[in-house]
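Notes follow the structure.
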Amino acid sequence: MKGKQYSIKVYETSIDEEAEFVSFFDANHLLFKDHLIVIHGEMSEKIKQYLQQKSLTFIQNITMPVSKSRQNIRKAREAEKKKQDEEQEKISEEISKLSNRLENNLKVIDRMVRSGQEVFVEGDLLLLNRVNSGATIRTTGNLIVTQVVEGSIRCEGKFMMLSSSPKANIIFHGVEVDTELLENKLNRIELTDDKIVITPVLKKEINWAS
Amino acid sequence: MGIIIAVISGKGGVGKTTVTANLGLGIAMNGKKVAVVDFDIGQRNLDMVLGLENRVVYDIVQVMDGEATLKQALIKSKANDSLSFLAASQTKDKSVLDSLRVKNLLMELKEEFDYVILDAPAGIESGYEHTIEFADAALIVVNPEVSSIRDSDRAIGILDSKSQKVKEGEEVAKFLVINRIVAEMVQSGEMLRSDDILEILSIELLGKIPEDKGVVDASNQGKPIILNEKSKAGQAYKRIAGRITGHNIKMEDVESNTTSFFTKMKGIFK
Ligand SMILES: Nc1ncnc2c1ncn2[C@@H]1O[C@H](COP(=O)(O)OP(=O)(O)OP(=O)(O)O)[C@@H](O)[C@H]1O
Ligand SMILES: [Mg+2]
């Protein structure tokens, strides 16, 4: 048996809008004249004729063999997702632990607090959304915010739990908290013996790749 | 019975009037009956962008005062028969508006048209509140810059507390239009990406419009850019109008410069 092995360039695409497809190849067909064009999904007779007329080589609905590098990308994606799930679980765990300590008049808000809005809670607050720039949250009790804070926080409780929020303005018992100290993904801020103590709950992830 | 769409932004000068004119025309081009209403009392603009400034006889305040009927005051667009326009008053200021009169006018318009689009004034004061009070939906126009995002966030907050629908326990549908995107600046990190904007505002994205020099010129000539088939901004408006009228159209990619790359490549082969 005789055979020859080639490496060819493949351009994979699908046709969402025929007009868009045609105008793309009108402009770029020269770039693809030695490509194999793989089309996923439906393709009309009109498009077939169009590609033939432009002398482009195409094939429809085949599964491309997956190369090592693409396999690796897929694996990396799966690992990333797993890590995110684990993290999410850890956050929920931590929140439920702390929420047990939320006692006086616990209020739960899950809407986003927008610029110009002010939320004042006498007691504890669990906020499950963002605090946007220009919004203010005030609590006499403990405070947990699970998403980014870009607005102002005034808290008089025993503790707060906040995610990394470099743009926030945070005053805890009249003292401004340096947001650079909230460098971790989730941070607990407590008042112990009249001192503000910040403890990481969820560490900043280390990106080995970069 | 039509729906009322308020075009709002918080910050001024981001493109509300341009969006109102183009989408009004675009929706009319899809065969719907549309009325666009200038709610920027004292600062009328929409008449110029639509090229109708010389045809204005009666304005919105005169209709509310009973000095003219709605029929007399509505002006048909030269570009499309299905589009009508109601001008803002030039002389009076916005204090002449009150809830009841606004409501009566809007209900009358709603009877007649499929879409009633209101061009809001800049800011979040009383003129703005009257524009959103009876809206069924809001188009929030932003530019990809921090001050615009923050002001629109504020405007959304007011919409969520002061509109009639919200008071009745319903929700006002909110859609985002990002205007004046410069792909090169997004790529180089100088301009906010639409993902970041969506994360802050968390409302549905309706469309992205690129920065396009032709827009200013088109507005000056009173021929909205959507009439120009070649313009990128015009095409973006067409797609948005399509989405509003229920067509499923893929989101445009105005943030990466692949097209300019391919155009460059094409140049090499010439
Ligand atoms: N996509 C675009 N590319 C370039 N210029 C634009 C674009 N959109 C709007 N503009 C220009 O920006 C300026 C402001 O637009 P427009 O008047 O529509 O804003 P506005 O929000 O209605 O302003 P105001 O708050 O004062 O009523 C105009 O000169 C307009 O032509
Ligand atoms: Mg305007």
Check your understanding: Assuming R0 = 22 Å, what is the FRET efficiency of B:Met1 and B:Glu67, from their Cβ-Cβ distance, to the nearest 0.05?
Key -> 0.25
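Let me confirm the definition first: pairs of Lys residues in the stretch A:94-202, 8 or more apart or on different chains, C-alpha distance under 20 Å. How many are there?
Step by step, the pairs that qualify in the stretch A:94-202 add up to 6.
Of the beta bridges DSSP finds with both residues in the stretch A:94-202, what % are antiparallel, to the nearest 5? Spell out each step's value before the answer.
Values: 15 of 37 bridges.
Percent antiparallel among DSSP bridges in the stretch A:94-202 is about 40.
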Point to revise | Cβ-derived FRET efficiency at R0 45 Å, A:Asn169 paired with A:Glu42, nearest 0.05 | key: 0.25
Study note, to complete from the structure: For chain A the mean separation of alpha carbon contacts under 8 Å (6+ apart) over residue count, i.e. relative contact order in percent, is 9 percent
**Study point:** Peptides ranked, highest mean first, by Cβ atoms within 10 Å: ranges B:203-211, B:117-125
**Key:** B:117-125, B:203-211
Review point. Under the rule of -39500 (n - 2.57) per DSSP H run of 4 or more residues, summed and divided by the residues of chain B, what mean residue ellipticity at 222 nm is obtained, to the nearest 500 deg cm²/dmol?
Key: -12000 deg cm²/dmol
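I'd like to compare B:29-36, B:50-57: which one has the highest average count of other Cβ atoms within 10 Å, and what's the full order after that? Please report the intermediate quantities before stating the final value.
Details: B:29-36: 20.1, B:50-57: 16.2.
The most tightly packed comes first, giving B:29-36, B:50-57.
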Check your understanding: Relative contact order for the stretch B:3-268: what is it in percent, counting Cα pairs under 8 Å that are at least 6 residues apart?
Key -> 25 percent
Review point. Which of A:Glu78, A:Glu87, A:Glu17 moves the most in a Gaussian network model of chain A with Cα springs under 10 Å?
Key: A:Glu17
Point to revise | Relative contact order, percent, the stretch A:73-171 [alpha-carbon distance under 8 Å, six or more residues apart] | key: 18 percent
Practice item. Run the quick spin-label model on B:Ser256 and A:Ala19: label points 7 Å from Cα toward the beta carbon, then report their separation in nm to one decimal. Key: 2.3 nm
Study note, to complete from the structure: Taking R0 as 45 Å and r as the Cβ-Cβ distance between A:Gln52 and B:Ser188, the FRET efficiency 1/(1 + (r/R0)^6), rounded to the nearest 0.05, comes to 0.65
Practice item. Would you work out the charge dipole size for the protein assembly as shown about its Cα centre, treating the Cβ of every Lys and Arg as +1 and the Cβ of every Asp and Glu as -1, and quote it to the nearest 20 debye? Key: 2000 debye
Study note, to complete from the structure: Between the residues A:Gln60, A:Leu31, A:Ile15, the Cα farthest towards the positive end of the dipole of the stretch A:11-60, that dipole coming from +1 and -1 charges on the beta-carbon of Lys, Arg, Asp and Glu, is from A:Leu31
Practice item. Would you compute, from DSSP H runs of 4+ residues alone, the mean residue ellipticity of chain A at 222 nm, taking -39500 (n - 2.57) per run and dividing by the full residue count, rounded to the nearest 500? Key: -8500 deg cm²/dmol
Review point. Given the pairs B:Lys208/B:Lys238; B:Lys208/B:Lys250; B:Lys32/B:Lys167; B:Lys32/B:Lys238, which are separated by over 18 angstrom at their Cα positions?
Key: B:Lys32/B:Lys167
Revision key, fill the gap. Per DSSP, the loop-located chymotrypsin sites (Phe, Trp or Tyr not before Pro) within the stretch A:1-31 having at most 15 other beta carbons within 10 Å are A:Tyr6
Review point. Under 26 Å Cα-Cα from A:Lys68, which lysines qualify once same-chain neighbours fewer than 8 residues away are excluded?
Key: A:Lys4, A:Lys9, A:Lys81, A:Lys82, A:Lys83
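Rule-based calculations on the coordinates, nothing more; no lab input. What you are looking at is a predicted structure, and each value in this text was computed from that prediction instead of being measured. We place every Cβ from the backbone using ideal geometry, glycine too, and count neighbours over all the protein chains shown.
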